[in-house]
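The values are calculated or read from the model by the stated rules, or taken from the named source; none is laboratory data. Not measured: the values here are computed from a predicted model. Backbone-built Cβ (ideal geometry, glycine too); neighbour counts: all protein chains shown.
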């Protein structure tokens with residue numbers, strides 16, 4: 001199986017992701033590259049496996065996702 005190309009996301013980028021059977025939209029707030037608490041949970045990120053804090057446009061809530069779960073741009 002071919003490796004997926006890593007996305008290069010930056011704070012302010014508009015992204016979409018799957019959330020409870022529908023598509024959520026929002027913006028990247030920051031990139032996490034170390035283990036830390038964020039959005040109510042401990043995030044096991046690293047420089048090789050970063051994760052991103054995103055804020056939902058609809059609910060205003062924060063979430064943390066791996067790059068593979070995020071799609072750049074609006075759906």
Can you name every one of the strands (runs of 3 or more DSSP E) wholly within the range 35-75 that holds 2 or more residues which are under 16 Å from residue 17 (Cα atoms)?
51-56, 62-65
Condition met for residue 25 (at negative phi, crowded, with 17+ Cβ neighbours inside 10 Å and either in contact with a helix residue (DSSP H, G or I) (Cβ under 7 Å, 6 or more places away or on another chain) or modelled with pLDDT of 95 or more (or both)):
yes
I'd like the full set of residues that are at pLDDT 90 or above, surrounded by 11 or more Cβ atoms within 10 Å (Cβ to Cβ) and in a loop (DSSP other than H, G, I, E, B), limited to the range 1-22.
9, 11, 13
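Table: residues versus (1) exposed (fewer than 14 other Cβ atoms within 10 Å of the Cβ); (2) modelled with pLDDT under 95.
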| position | (1), (2) |
| --- | --- |
| 34 | yes, no |
| 46 | yes, no |
| 49 | yes, no |
| 54 | no, no |
| 70 | no, no |
| 74 | yes, yes |
